1. Find, among the trypsin sites (Lys or Arg not before Pro) in region 1-63, those assigned to loop by DSSP (not H, G, I, E, B) with at most 15 other beta-carbon atoms within 10 angstrom.
2. Kindly report the accessible area of the chain per residue (heavy atoms of protein chains, probe 1.4 Å, no ligands, DNA or RNA), in Å².
3. Assuming 0.36 nm per residue, please report the length gained on full extension of the stretch K96 to I8 beyond their Cα-Cα distance.
4. Carbon-plus-sulfur fraction of the accessible area of the chain, 1.4 Å probe, in percent?
5. Report Y7's accessible area, 1.4 Å probe, all protein chains in place, as a number in Å² to the nearest 10.
6. Could you work out [θ]222 nm for the chain from helices alone, using -39500 (n - 2.57) per DSSP H run of at least four and dividing by all its residues? Round to the nearest 500 deg cm²/dmol.
7. Run through region 56-105 and list the trypsin sites (Lys or Arg not before Pro) located in a DSSP loop whose Cβ has at most 13 other Cβ atoms within 10 Å.
8. Which value, in debye to the nearest 20, describes the size of the charge dipole of the chain about its Cα centre when Lys and Arg Cβ atoms bear +1, Asp and Glu Cβ atoms bear -1, and nothing else is charged?
Amino acid sequence: MRIENQYIIQYTGLKEGVHHFEFSIEKPFFDSFEYLEVPDGKVEVQVELTRKVHFLDLGISLAGSMMVQCDRCLGYFDLPVSYSGHLMVKFSEDSKEPDDEVIFLHPEEQQIDLKHYFYECISLSIPMRKVHPDLESGNPDVIRK
């Protein structure tokens, strides 16, 4: 499946109530976002979608690890990541500006693409300063200098 279509939830046809979806984020996802600076990783995403008549409520949790570059020695290491958040999807015929936790879709829309939202969640879970968790790890020559 193409990366553009992998993170879409087709919500038309879903009955009111709770629905569960699982996604796996791997290398092709990270490659598609050049500014993420993550060459590889494996992150599992759980989405709990609650369908109501006039809105969708999505509970989203991510857990896994990503390969990131150490800011101290420039070596790569696996950084464990986790994120938990909510996204509210409201329907409106007027075009409204989304905010952090609410997005607006036209009532005739039939699906929601979560790719960019997952990107934002992953970006927020990466610390500003990335260093090996173990001081013994990393490139000793760079650390000495």
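The values are calculated or read from the model by the stated rules, or taken from the named source; none is laboratory data. In this text the structure is predicted, and so the values were computed from the model without any measurement. Cβ atoms come from the backbone with ideal geometry, glycine included; neighbour counts cover every protein chain shown. To get the accessible areas, we keep the full protein, side chains included, count just its heavy atoms, and leave off ligands, DNA and RNA. Shrake-Rupley method; radii C 1.70, N 1.55, O 1.52, S 1.80 Å.
1. Working: sites: R2, K15, K42, R51, K52; in loops: R2, K15, K52.
When the trypsin sites (Lys or Arg not before Pro) of region 1-63 are filtered for loop state and at most 15 Cβ neighbours within 10 Å, R2, K15, K52 remain.
2. Numbers: 9310 Å² over 145 residues.
I get 64 Å² per residue for the chain.
3. Details: separation 88, 0.36 × 88 = 31.68 nm, distance 2.12 nm.
29.6 nm is the gain from fully extending K96 to I8.
4. Roughly 49 percent, rounded to a whole number.
5. Per-residue accessible area (Y7): approximately 10 Å².
6. Values: 3 runs with 21 residues, N = 145.
Helix contribution divided over all residues of the chain: -3500 deg cm²/dmol.
7. Working: sites: R72, K90, K96; in loops: R72, K96.
Here the sparse-neighbourhood loop sites are K96.
8. On the way: 14 positive and 26 negative charges, 72 e Å.
With only Lys, Arg, Asp and Glu charged at Cβ, the dipole is about 340 debye.
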